[in-house]
Amino acid sequence: MLEKLQELKKEVVQKIQTITQAKALQEYKIEILSKKGAFSYFMEELKKVPNEEKPSLGQKINEVKVQLTSLFEEKENELKQKELKEKLEKERIDVTLPGYQYQTGSKHPMNIVIDEIIQIFLPLGYKVEEGPEVEQDFYNFECLNIPKNHPARDMQDTFYITDNVLLRTHTSPVQARTMEKNKEKTPIKILCPGKVYRRDDDDATHSHQFMQLEALVIDKDITMANLKATLDLVAKKLFGEKRQIRLRASYFPFTEPSVEVDVSCTCNRKGCPVCKDTGWIEILGAGMVHPNVLKMGGYDPSQYKGFAIGFGIDRITMLKYGIDDIRHLYNNDLRVITQFKKER
Ligand code: DAH
């Protein structure tokens, strides 16, 4: 039996030398060392020898088994190294090749402006509210002190869906909706950005769909001074610390007094296309909330006051970025809108 054992060992040593593939080695290992492999013969034979011979014979069988096992292991490692080397030689990676360029999205310039305005107001305690774009005549006009047949309706050419349902012409109806919802739970401090619609012929400065952002404050001791300070802060944050504002008396049915607000132009040359040499650029409308609007919203005008601001986002975006045609904002031309990459 010992002879047979040596023979098997010799055979395995020789055979292993000829093997060049890991898979073949694995198969051969099973053939020899698995439970039913060639080596198991000796284990079976060991059972048959007299008890006193068992320890020394068993030791010898075991020695050979250990030797064979380590032979297989060595060969396995050798083949693994060889395969790795071949792979490394075959598959060269050029680490100097440039990586793939992934196109990242960018915010639309009007969304950048809306975000900026919201960031100015949030620390002052304002919340963002939303309202429907398909709106009732009641909220779009009536609650804002513009009854049916009021001449002020002509200021806003309206897309009517039915007699009482329309596409909102401004974000001001959100004022009325918020007041109705809050019912004397002051203070109200809201912002409402969104799309609005008017029957306009589209040209360089008009679009049938555009963006506004409404601000509304209602509380007990609100005065024009609060409005002015707020406008001054916004103008400086949006356009730069050196800017000044100017309030011009105006008319809106939902505010009294009403103002149009200009920001100073930074030009110091003749022929400025932005301010047309006036030194001032109109940026928005604002005013103290009209007592009728407060009343309709459920607020007692003898106790509560408020101010409202209506930002024209398109106009502010065009001014801020020097865009000369409103249609650039709506044509979805990536060459235009991807220029405004901002921090995310
Ligand atoms: N809603 C007005 C418009 O679209 C803009 C406006 C003016 C809003 C004055 C206001 C405001 O809140 O106080 O023409």
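The values are calculated or read from the model by the stated rules, or taken from the named source; none is laboratory data. No experiment lies behind these values; they were computed from the predicted model shown. Heads up, the Cβs are rebuilt from the backbone with ideal geometry, glycines too, and the neighbour counts pull from every protein chain shown.
Quick notes on this structure:
- Failed item in (1) surrounded by 14 or more Cβ atoms within 10 Å (Cβ to Cβ); (2) not in a helix (DSSP H, G or I), with GLY105 passing the rest: (1)
Residue-by-condition table, conditions (1) farther than 29 Å from THR230 by Cα; (2) among the basic types (Lys, Arg); (3) in contact (Cβ under 8 Å) with a residue 60 or more places away in the chain; (4) surrounded by fewer than 19 Cβ atoms within 10 Å (Cβ to Cβ):
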| residue | (1), (2), (3), (4) |
| --- | --- |
| LYS85 | yes, yes, no, yes |
| ILE118 | no, no, yes, yes |
| GLY125 | no, no, yes, yes |
| TYR160 | yes, no, no, yes |
| LEU167 | yes, no, no, no |
| ARG198 | no, yes, no, yes |
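- Residues within region 238-265 that are outside any strand (DSSP E or B) and either farther than 21 Å from LYS228 by Cβ or without any contact (Cβ under 8 Å) to a residue 24 or more places away in the chain (or both), tallied: 5
- For VAL217, the criteria (1) on the phi < 0 side of the Ramachandran plot; (2) more than 11 Å from the ligand (Cβ to nearest atom) hold in every case but one, which is (2).
- Test: residue in region 166-182 that is over 31 Å from the mean Cα position of the chain (by Cα), among the basic types (Lys, Arg) and in the same structural domain as ILE309 (by TED's automatic domain parsing): no
Condition check ((1) more than 25 Å from MET155 (Cα to Cα); (2) surrounded by 22 or more Cβ atoms within 10 Å (Cβ to Cβ)) across all residues:
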site	(1), (2)
PRO173	no, yes
MET179	no, yes
LYS185	yes, no
GLY194	no, no
HIS206	no, no
MET211	no, yes
ASP221	yes, no
ALA225	yes, no
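- Within region 304-326, residues that are within 16 Å of PHE340 (Cα to Cα) and of a type in the set (A, V, I, L, M, F, W, C) reach partners that are part of a helix (DSSP H, G or I) and within 13 Å of the ligand (Cβ to nearest atom) with beta carbons closer than 6 Å, at six or more positions or on different chains, in the pairs ILE326/ASP314.
One line per residue, one yes/no per condition, for (1) within 16 Å of the ligand (Cβ to nearest atom); (2) touching a Pro at 6+ places or on another chain (Cβ under 7 Å); (3) over 18 Å from LYS181 (Cα atoms); (4) among the hydrophobic types (A, V, I, L, M, F, W, C):
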{"residue": "HIS108", "(1), (2), (3), (4)": "no, no, yes, no"}
{"residue": "ASN111", "(1), (2), (3), (4)": "no, no, yes, no"}
{"residue": "ILE117", "(1), (2), (3), (4)": "yes, no, yes, yes"}
{"residue": "GLY131", "(1), (2), (3), (4)": "yes, yes, no, no"}
{"residue": "ASN140", "(1), (2), (3), (4)": "yes, yes, no, no"}
{"residue": "ASN149", "(1), (2), (3), (4)": "no, no, yes, no"}
{"residue": "THR158", "(1), (2), (3), (4)": "yes, no, yes, no"}
{"residue": "VAL165", "(1), (2), (3), (4)": "no, no, yes, yes"}
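- LEU57 modelled with pLDDT under 90 and surrounded by 13 or more Cβ atoms within 10 Å (Cβ to Cβ): yes
- Filtered by the rule that a residue be part of a strand (DSSP E or B) and modelled with pLDDT of 95 or more, region 266-306 gives LEU284, GLY285, ALA286, GLY287, MET288, VAL289, LYS305, GLY306.
- If you go through region 267-290 and keep only what is over 21 Å from ALA229 (Cα atoms) and either among the hydroxyl-bearing types (Ser, Thr, Tyr) or within 14 Å of the ligand (Cβ to nearest atom) (or both), you end up with just THR278.
- The condition (being touching a helix residue (DSSP H, G or I) at 6+ places or on another chain (Cβ under 7 Å), of a type in the set (A, V, I, L, M, F, W, C), assigned by TED's automatic domain parsing to the domain that holds MET179 and within 16 Å of the ligand (Cβ to nearest atom)) is satisfied by just one residue among PHE307, PHE252: PHE307.
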